[in-house]
Amino acid sequence: MFGNRSFLSFIAASLLLLTTPATAQDAGEASSATGPISLTGLTAGASAPAVDSEAGAALSNVSEGIIYNATSTPNEPKTAESDVASPTSLITIGETEINMTAEAPEATMQSSEEPSTTALTEDNASMSVIRTPQPANRIGLRSVSNIGLASIGLLQEDAPAPLNSFIWRQSETANILSLILSTPSYGSSNTLSTPSRQIMVQPAVPPLNAQQNINALVSARLEWLAGAGQSDSLSALVRKLPDDEEWNDWKRWQVQYDLMRRADDTACNEASRRSAETLDGFWHKANIICLLLSGQNAPASFASDILNASGEDDDNFFQLVDKLLGRRTEISLDMNDLSLVHLMLMDAAHETISLDALDNMPSSMIQALPAFRYLDPAASVTVSYRLYERGLQSSSDTEQIWRSLKTAPVPAEAALSELGSVSLPGPGMRSLHGSSSPFLWVALMNRTGADTDSLVRAALEAEARAGRLSVLLPLYDSLVRHRVKVNNAGTLDDITAQLYSFVMKANHPAQALPDGLSRQGGEANYLSQILNVASGDVWDVNTLEELDLWHLLPLLDALGLQRPEEEWLARSHDEAATQLTLGRSYLNVPVGKMLALQQASGSGRIGETILLIAHLVQEAHLGYFRPEDGAVMIQALSAIGLEDAARNFGRELIIGQLERHYQAQEN
């Protein structure tokens with residue numbers, strides 16, 4: 001119930017809007033008592049307001065309320081099309097039928113055969129579907145059994161063979177649920193991010209004893225995908241959820257996501273249906289946006305005025321709607337209270353969206369952000385970085401966006417200072433805050449001063465200490481090649497030359513280095529040796545000696561490298577080699593987790609193995625894992641049939657150790 005003031009305002013506005021000539025009454029029929037107008041239905045006797053001829057819109061004056069009339073079908077992203085087309089469940093139609101309620105077969109048949117009511121506008125330019133409410137036991141998403149809900153997923157053409165319908169075989173639901181909730185969606189290892197994502201969307205037989213935790217299990221998968229920014233896959237899964245109250249928040253998310261990526265028809269059909277059924281202001285706002293996007297200005301204006309008069313407190317929304325309707329030209333938004341709805345309207349109104357405006361943007365919407373056309377430079381760079389670090393955008397596409405900025409949003413010195421001031425979560429951990437990284441790169445790429453190479457070196461060392469350089473290697477490889485091209489590599493000091501060589505070799509071990517780097521970067525050949533190894537190769541003694549990488553032997557053994565034939569005792573007669581020294585500091589991985597990893601991989605628990613490794617490493621600096629622990633992880637990936645992932649992860653661990661070697665000072 002509205003308060004007295006809101007109620008009186010609502011009545012007054014409603015009377016003003018709806019004052020029209022009285023409709024004809026049957027002789028002797030008494031006039032109906034006038035009552036408050038509900039958001040979910042206009043009074044049957046009220047005349048529709050005049051339709052804006054420019055909008056070419058129609059306002060359906062029916063009990064269901066203002067209905068969005070779709071006039072066009074936008075082109076959806078190809079990724080979304082493929083995702084939507086491929087969701088599947090392991091539960092068959094026969095199994096679904098078994099779970100159907102058997103008490104009311106007649107009602108079920110009637111609801112399944114009941115046609116939709118269709119209303120045409122006068123110019124026959126658009127069509128609105130007025131959906132007739134159906135019985136609760138209709139054939140549809142509600143009939144999906146709980147087990148069927150737990151098995152929903154998306155077919156994947158690029159997934160390795162072991163990631164199939166039995167990824168959770170022999171795993172306990174309680175264990176899997178705990179791992180999903182505690183495993184970062186992305187982090188230090190791109191190699192692990194890929195199979196982690198694939199098992200989250202894979203249609204699979206649920207883990208053991210899932211009956212009591214099915215909704216929690218599905219919710220955990222959705223939340224994980226949201227954190228990973230896998231918006232398209234998340235959208236496809238949400239469309240498979242039943243129409244139960246428990247999933248209402250995800251259904252609301254779906255409409256916002258569709259509106260952001262211009263899939264207006266799908267979202268607006270849902271918004272018009274929901275706005276006719278509920279007083280929830282969100283659905284009425286969504287319906288108003290749909291009316292605006294389809295050019296139906298008169299119905300949008302009418303619905304906005306009704307919503308405002310009802311007491312809805314959202315000044316940003318009504319300002320933006322008024323601007324789109326041409327009722328005002330200047331607006332003053334509260335930037336601390338911006339929602340997704342406001343951002344959509346800002347983009348439609350050609351209002352610049354700043355980086356601060358994106359602060360409240362959830363990760364679940366990341367793949368829709370490129371659809372915004374009015375991002376300022378800082379926001380554009382940040383959006384591309386968020387996509388890139390989650391593996392949603394290639395390095396080449398990211399670089400193209402960053403290079404398009406001829407002026408850096410933030411000076412290099414300021415970005416470097418911010419990067420260096422970020423506190424790590426703990427010794428050996430990875431920095432979770434990389435917001436200054438894209439600004440630093442852009443500033444360095446545009447810089448031409450004599451001190452640029454010194455700043456690039458400082459940036460590389462800072463990113464290495466933060467544990468993020470391995471993720472940024474393709475971008476810094478391009479930056480380093482640019483610096484070598486515009487500046488004579490022969491003028492670089494030895495440390496900078498060696499660091500440049502490492503970046504180029506770590507990103508592409510087989511690429512040839514410029515003459516200046518080959519001459520001054522004396523470690524270049526050794527870097528090629530250690531970074532270009534393959535199973536069956538014999539590792540090089542001099543490489544480990546010169547780079548001081550003897551501690552990597554467990555990793556090399558796990559990757560299948562062979563030891564050279566040497567008289568090791570004779571080599572050990574060197575006095576320096578016989579001295580005892582303290583070793584490097586490493587992260588202490590919980591013994592129980594490592595034993596659990598060996599147990600899971602040995603038992604063929606594929607999904608559990610992947611989640612365990614990702615759980616352990618994604619928030620840490622890969623250079624701070626004890627090589628013996630890294631070897632166990634490599635062997636675990638091999639044991640479940642992910643040989644390519646094992647090899648690539650091993651290479652990431654080696655690069656992490658080299659990052660630590662080149663980061664100038666250890667934290």
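Quick note: the coordinates plus some simple rules give every number you see, no bench work behind them. In this text the structure is predicted, and so the values were computed from the model without any measurement. Every residue, glycine among them, receives a Cβ derived from its backbone with ideal geometry; neighbour counts consider all protein chains shown.
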Take segment 576-667, compute every pairwise Cα distance, and split them into 10 Å bins from 0; I just need the percent in each bin.
15, 46, 27, 11, 1
How high is the relative contact order of segment 204-350, in percent, counting Cα pairs under 8 Å that sit 6 or more residues apart?
14
Dimensionless Rg over Rh [segment 516-642; C-alpha; Kirkwood]:
1.03
Segment 340-453: spread of alpha-carbon positions along the three principal axes, whole Å, largest first, is 43, 36, 24
Within a Cβ distance under 14 Å of residue 459, other residues only, what is the Lys/Arg minus Asp/Glu net charge?
-3
Fraction in percent of alpha-carbon pairs per bin - 10 Å, segment 501-573:
18, 47, 27, 8
Given unit charges at Cβ for Lys, Arg (+) and Asp, Glu (-), the dipole magnitude of segment 176-333 about its Cα centre in debye, nearest 20, is 600
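Normalising by the residue count of segment 273-383, find the relative contact order in percent from Cα pairs under 8 Å and 6+ residues apart.
Relative contact order, segment 273-383: 18 percent.
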Which of the listed residues, 611, 601, 648, is farthest toward the dipole's positive end in segment 591-666, when Lys, Arg count +1 and Asp, Glu count -1 at the beta-carbon?
601
Those GluC sites (Glu not before Pro) in segment 560-667 that DSSP places in a loop and that have at most 11 other beta carbons within 10 Å:
565, 566, 567
Which log10 I(q)/I(0) values does segment 417-515 give at q = 0.11, 0.16, 0.25 Å⁻¹ under the Debye formula, counting every alpha carbon as one identical point scatterer?
-0.32, -0.67, -1.45
Sites residue 515 and residue 313 - FRET efficiency at Förster radius 56 Å, r taken between beta-carbons, to 0.05:
0.25
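Where does the charge balance sit around residue 436 when Lys and Arg score +1, Asp and Glu -1, over other residues with C-beta under 12 Å from its C-beta?
Net local charge, residue 436 excluded: -2.
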Just the Cα atoms of segment 332-372: what Rg and Dmax do they give in Å?
9.6, 28
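DSSP loop (so not H, G, I, E, B), at most 11 other Cβ within 10 Å: list which trypsin sites (Lys or Arg not before Pro) in segment 359-412 pass both filters.
Values: sites: 373, 386, 390, 403, 406; in loops: 373, 390, 406.
Answer by residue number: 373, 406.
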How many times 2.2 N^0.38 Å is the alpha carbon radius of gyration of segment 134-270?
1.08
